[in-house]
Amino acid sequence: MGFNYAKEKKKFDKEWKKLQKECEDAGMSPEAINAMHTYDWEAFLSRRTYSNHTQTLPECLSGNQEDDRSTLFHKYPLLSVSFDIDDFPGRYSWIATISDAHLTEKLALLSSEDLELLTFLMVYQTVSSIKVLDKERLAVRFKDGTEIEQEVINMRRASA
């Protein structure tokens, strides 16, 4: 649903009336209160602009049948991609379809475990959840109930 300006403005004014009274009771100067109001008003306008120019994608990005899909996919066919695993001769041959040479180079450096995990994520889409265990480990649960722990290697970008 879009941004209801009248409703949101009424709520903003009500909250600000209450906040202004609290600030005055606390002894704030009128200039400081006015500066806070100006900042909040600009944030309000920014949220309004963002809301008016953003359309959320549907929760179910793709259905099994053409009729189940959002009208966004009918209006903008570039939002959807078809991918058939049978089109690729090897398990990791999907990497050859990536057009970004830098990304392809980085994928070639992955360990076999990381490449297998990425294949599950990207090709088979069998991951049901990923949970951060700590700074260095993730727990990945697949739709079949299998859960693995994956160590995260901190790969920092080389400074240019």
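The values are calculated or read from the model by the stated rules, or taken from the named source; none is laboratory data. Here the structure is a predicted model, which is why all the values come from computation and not from measurement. These area figures cover heavy atoms from the full protein model, side chains too; ligands, DNA and RNA do not enter into them. Shrake-Rupley method; radii C 1.70, N 1.55, O 1.52, S 1.80 Å.
A few comments on the model shown:
- Scan of the range 104-160 for residues that are modelled with pLDDT of 75 or more and of a type in the set (Ser, Thr, Tyr), ordered by number: Thr104, Ser111, Ser112, Thr119, Thr146
- Residue among Gly27, Gly90, Gly63 that alone is small (Gly, Ala, Ser), at pLDDT 80 or above and farther than 30 Å from Ala6 by Cα: Gly27
- Hits in the range 19-43 - residues which are of a type in the set (Phe, Trp, Tyr) and open to solvent by less than 80 Å² (accessible area, probe 1.4 Å): Trp41
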